[in-house]
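Report on the following structure.
The values are calculated or read from the model by the stated rules, or taken from the named source; none is laboratory data. What you see is a predicted model; the values in this text were computed from it and never measured. Glycine gets a Cβ as well: all are built from the backbone with ideal geometry, and neighbour counts include every protein chain shown.
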């Protein structure tokens, strides 16, 4: 990489993280090097226990690595204090978890506006951003409802709206479709694809091949290490342009 | 293809071309486009076997068309087909052979094999995703894609198992 | 900030009941503390109120006689009025003339003087037209018309109003005639017209002199020579805390040779406020324990809220809340609640204070007390919330169930007992045992209000024992009886026998009290003869043994301290001019005179050369008898009528009724706090075991059984808490009460543990309440909970 080239949005080197459980130390991530370029849609897959979620948490500063460095736009952030990380998260990250994404006591509107207000947006701007996002996500009319009054898919979409309200540099999602039925999962996936199309950088952890298939790049994590880092090219065109014929052919 | 055609004819008599259109409409782009020639060949076989009856219909200024109609024996075959249990999908037996035998050849290692296969699956998945987006309004097509997606998911999960056990 | 407020508002709105509980607990605690503080400060320190009410000066200066002058005596000598210009002095009282004299006893129409035989130095103050008058306790104020006692024999005697402690020392009541030794050994008979309370006066014998008021004309009869007269003036200060400094500058201003006596309100208070310190301190201690309990309850509730919201907090942090913001959010939220509670509590206290003032008028609720208590309450609650809030700030910013492996590995449960015991019991107990950490915390938290309750109950039991009298009590119920000076000798001789026949009287003991001096000690103590060696008085002996022989004595703690001796040593004291050597064989619990009493048997005192008759008789009453009834009945039953002078012994349990009310209030408050704790326990139990409840149901327990499991858990935790609180509380309470008893001079050994019944009731009520508060919501949850519900 030449000096003139801008640094990647996110660069992690030699990340190591173990979970302590009493005296036992369980390694979750054991040496991960990763670069995420701006505008990339990266999926992290792997069997359960491979360290996918931990890796994501490390990238978002939700957990601290035992070893390794992390740089955001070329600036080291692994030494940041908890408060600095909090500020980073509110300004530059959007985070969506698998479940329990919404503050149960707040209405949909408040949930979405909260990070905006936290960032110092005025109430009026926050409200207009929220209205706009909810509309984009097909959630008009849910503003005054509580999270418990929403379906799982709606909740995830609200979470997505909240993650996007500050127009983050990086969207981190941990199994965003994990608890959803396939129709809701497809909706959420479509939204992610759409946001990617608008130029957003997305890193998501998933075990869902369909979600992984939407990404430009699929990182297979195995036992805390990267086993494969595949950039998916578009399938070759043809009469059945997407190379799906063999899987769709109905055998007699 | 005989069962599909018989099933369509069980609903109402039709010409060969009508059958092709019906197939395309029902299954959408998700289904490999039927070849008209193949349809005529199959219809011919069915007529010979007595499952359908053909009747020439004359047209103004055009060659005669043949309208096909299902027979009792054809109906019986449709019933048998529908009621017979359907075999499950096959394991990717060819890939499995490669996976088992490749290390012995010292020409490839398993991890590369698995990774390549995964990339292939993911690429196919990507294609299915596009197709699904394109065929949003066709429910039959969506179901077919969904089935393929689930199979692919199973393949990918199985790859993970292979990786855990063998790599 | 806006984000913080929005979250806080939503949080409060969706958790109304817990929020209300926090408000109520704070309100109750603040109200109780305010009332306790006021009670301590005013009701049990009557001096404070009297002092404030009387507008008495904070510094009292007795100056020497005005310099002898031929003309107007008041015009010469240093001008005391100039003291008004001293910095810090806001006003001076009217100057009054004084004269020193000696009270030598009560005057009998037939014989000479009676009484203890003591000579009491008496300072007389001349009434002045504009001078503030002391508050009369009985009788009437001086006037030229009432200067004579009723009755033909009295003649026109000058009137005298005695200060309370002086009247007590002289056994004087309005209407009594007293003899004063005035200048040049002459005697002057006066009649007591009233007894008054002067809160700025250091009481006798601490002051070294007794105080009385007379008309100016009487003063001139007592001390005709103006040179022999003194003057007194009081200074009112802007800042009472400055009294010592002002006193000093006053002395400098008028010259130290001119000052005869100077006293400040601090000394006056010290001499007058002894009586209720024990009870006050214990109440205060229990009140503080209640504050601690309340703080713990609020902290527990806050911790519970925070634990229940771990997911939300994690999410807030993932969204970008800094740890500091999380802490601030919770502290502000709870301070808001506590502030509301404090306001409510203060309002409640202001409303209630006038109602519990009792006979001496409403209690003033000073702004200082109000400010200090509310400040402390808010501070304590702020701090106690800050701790769990700090923990909340350290929550990992990852919602639970999102990737972090469980931090705790569960302990195996011994479920074998299921075959013999109901499943609810086994599962409930195993829940307690499996989560040992959180169980111990809950037990500790519950133990605190129980502990405070034990303190309160111990106070109650001690007061009860002191007040009830009888076997095993700290002191006995005693009536002091003597015959009027005018009684016939035969009546005197028959008195002990007649008293012995009165129902309710357990024993009659001849008594006398003498002022005694220890060698080298400026302070005096009282030597009391009580009972005989053959028929000893049933002293409550805390240490050593009772009197068994002549020259043996028992002493109160304060007397031992004063003489610097221990039980078993010999002491030499002087009464009048008679030196006496006594063997201190024991320490008794001595509520009289702050314990500065040595008690010996009558025969020790009654030496051949001392030939005095008993000054009075002490009647020990049977346990449970009503001293007031017997007192009222005595004159009639003995047939001695008005010749009999009956007094209750100084009541160590004075003001108990008010105290009981406070103890009950305190226990009620503690019950409220404990309820809050129990609700927190129940809520946290259900939160932690919601999943389990669903599982239990899936396994095949009925909702009732599943609910009972939680009930058993709550009850077991509460029982442990009660046990811990009682086991720690009773010894500590006893220790503290004894310490205070020792400090007060009564002596240690006064403490009583609450009765077994009281403890059992406490345990039963708490356990039952815990079981119910846990089981009822658990039952409701168990009806609906499913194991698959997200936690």
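For residue A:55, the stated conditions hold: it is touching a residue at least 60 places away in the same chain (Cβ under 8 Å), within 15 Å of the chain's Cα centre (by Cα) and either within 11 Å of another protein chain (Cβ to nearest Cβ) or crowded, with 18+ Cβ neighbours inside 10 Å (or both). Listed by position, the strands (runs of 3 or more DSSP E) enclosed by region C:41-135 that each have at least 1 residues that are at pLDDT below 60 are C:96-107. Take the conditions (1) within 14 Å of another protein chain (Cβ to nearest Cβ); (2) at pLDDT below 75; residue C:469 misses just one of them, which is (1).
Residue A:140 versus (1) within 10 Å of chain C (Cβ to nearest Cβ); (2) without any contact (Cβ under 8 Å) to a residue 12 or more places away in the chain; (3) touching a helix residue (DSSP H, G or I) at 6+ places or on another chain (Cβ under 7 Å): which is the lone unmet condition? Tallying (1) within 10 Å of chain C (Cβ to nearest Cβ); (2) without any contact (Cβ under 8 Å) to a residue 12 or more places away in the chain; (3) touching a helix residue (DSSP H, G or I) at 6+ places or on another chain (Cβ under 7 Å), residue A:140 fails exactly one: (1). If we scan region A:16-39, do we find a residue that is within 24 Å of residue C:397 (Cβ to Cβ), away from chain C (no Cβ under 12 Å) and part of a loop (DSSP other than H, G, I, E, B)? For region A:16-39, residues within 24 Å of residue C:397 (Cβ to Cβ), away from chain C (no Cβ under 12 Å) and part of a loop (DSSP other than H, G, I, E, B): absent. Residue under question is residue B:43, and the condition is that it be assigned to a helix (DSSP H, G or I), modelled with pLDDT under 85 and more than 20 Å from residue B:143 (Cβ to Cβ); does it hold? Considered against the rule, which asks whether it is assigned to a helix (DSSP H, G or I), modelled with pLDDT under 85 and more than 20 Å from residue B:143 (Cβ to Cβ), residue B:43 comes out as no. Restricting attention to region C:1-40, the residues that are over 20 Å from residue C:295 (Cβ atoms), crowded, with 22+ Cβ neighbours inside 10 Å and modelled with pLDDT of 75 or more total 2. The set of residues in region C:334-362 being over 18 Å from residue C:373 (Cβ atoms) and at pLDDT 85 or above consists of C:336 alone.
Could you run through region C:648-665 and say how many residues are modelled with pLDDT under 75 and part of a helix (DSSP H, G or I)? Number of matching residues: 9. Restricted to region C:529-598, the set of strands (runs of 3 or more DSSP E) holding at least 1 residues that are within 27 Å of the chain's Cα centre (by Cα) and under 27 Å from residue C:168 (Cβ atoms) comprises C:541-544, C:552-555, C:578-588.
Residue check: residue A:157 meets all listed conditions (1) within 14 Å of chain C (Cβ to nearest Cβ); (2) surrounded by 24 or more Cβ atoms within 10 Å (Cβ to Cβ); (3) out of contact with any helix residue (DSSP H, G or I) (no Cβ under 6 Å at 6 or more places or on another chain) but one, namely (1).
Across region A:40-52, the qualifying residues are those that are on the phi < 0 side of the Ramachandran plot and touching a helix residue (DSSP H, G or I) at 6+ places or on another chain (Cβ under 8 Å), and the one among them that is nearest to the other protein chains (Cβ to nearest Cβ) is A:47. Scan region B:58-75 and give yes if some residue there is at pLDDT 85 or above, within 14 Å of another protein chain (Cβ to nearest Cβ) and surrounded by 11 or more Cβ atoms within 10 Å (Cβ to Cβ), otherwise no. No, because not a single residue in region B:58-75 is at pLDDT 85 or above, within 14 Å of another protein chain (Cβ to nearest Cβ) and surrounded by 11 or more Cβ atoms within 10 Å (Cβ to Cβ). Restricting A:213, A:224 to those that are surrounded by 21 or more Cβ atoms within 10 Å (Cβ to Cβ) and under 17 Å from residue A:55 (Cα atoms) reduces the list to A:224.
Inside region A:60-88, residues that are closer than 16 Å to residue C:315 by Cβ and touching a helix residue (DSSP H, G or I) at 6+ places or on another chain (Cβ under 8 Å) make up a count of 6.
Just give me the residues in region C:303-346 being within 34 Å of the chain's Cα centre (by Cα) and crowded, with 24+ Cβ neighbours inside 10 Å, in sequence order. Passing the criteria: C:334, C:337, C:338, C:341, C:342, C:345.
Residues are listed down the side, and each one gets a yes or a no for (1) modelled with pLDDT of 70 or more; (2) in contact with a strand residue (DSSP E or B) (Cβ under 8 Å, 6 or more places away or on another chain); (3) within 7 Å of chain B (Cβ to nearest Cβ):
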{"site": "A:192", "(1), (2), (3)": "yes, yes, no"}
{"site": "A:198", "(1), (2), (3)": "yes, no, no"}
{"site": "A:209", "(1), (2), (3)": "yes, yes, yes"}
{"site": "A:215", "(1), (2), (3)": "yes, yes, no"}
{"site": "A:224", "(1), (2), (3)": "yes, yes, no"}
{"site": "A:229", "(1), (2), (3)": "yes, yes, no"}
{"site": "A:244", "(1), (2), (3)": "no, no, yes"}
{"site": "A:251", "(1), (2), (3)": "no, no, no"}
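Residue A:172 passes every criterion in (1) modelled with pLDDT of 85 or more; (2) surrounded by fewer than 21 Cβ atoms within 10 Å (Cβ to Cβ); (3) touching a helix residue (DSSP H, G or I) at 6+ places or on another chain (Cβ under 9 Å) apart from (2). In region A:92-109, how many are more than 7 Å from chain C (Cβ to nearest Cβ), out of contact with any strand residue (DSSP E or B) (no Cβ under 9 Å at 6 or more places or on another chain) and more than 21 Å from residue C:9 (Cα to Cα)? Selection size over region A:92-109: 0. Based on what the data block shows, is residue C:510 surrounded by fewer than 19 Cβ atoms within 10 Å (Cβ to Cβ) and at pLDDT 75 or above? Judged against the criteria, residue C:510 is not a match. Scanning region A:65-82 for residues that are within 14 Å of chain C (Cβ to nearest Cβ) and surrounded by fewer than 15 Cβ atoms within 10 Å (Cβ to Cβ) yields one hit, A:81. Does region C:233-242 hold any residues that are at pLDDT 80 or above and buried (at least 16 other Cβ atoms within 10 Å of the Cβ), and which are they? If the condition is that a residue be at pLDDT 80 or above and buried (at least 16 other Cβ atoms within 10 Å of the Cβ), then C:233, C:234, C:235, C:236, C:237 are the ones that fit.
Across region B:125-141, the qualifying residues are those that are assigned to a helix (DSSP H, G or I), surrounded by fewer than 21 Cβ atoms within 10 Å (Cβ to Cβ) and out of contact with any helix residue (DSSP H, G or I) (no Cβ under 7 Å at 6 or more places or on another chain), and the one among them that is farthest from the other protein chains (Cβ to nearest Cβ) is B:139.
For region C:244-260, check the following and say yes or no: at least one residue is within 23 Å of the chain's Cα centre (by Cα), under 21 Å from residue C:204 (Cα atoms) and modelled with pLDDT of 75 or more. No, there is no match, as no residue in region C:244-260 is within 23 Å of the chain's Cα centre (by Cα), under 21 Å from residue C:204 (Cα atoms) and modelled with pLDDT of 75 or more. Here residue B:152 passes the criteria (1) more than 9 Å from chain A (Cβ to nearest Cβ); (2) in contact (Cβ under 8 Å) with a residue 24 or more places away in the chain except the one numbered (1).
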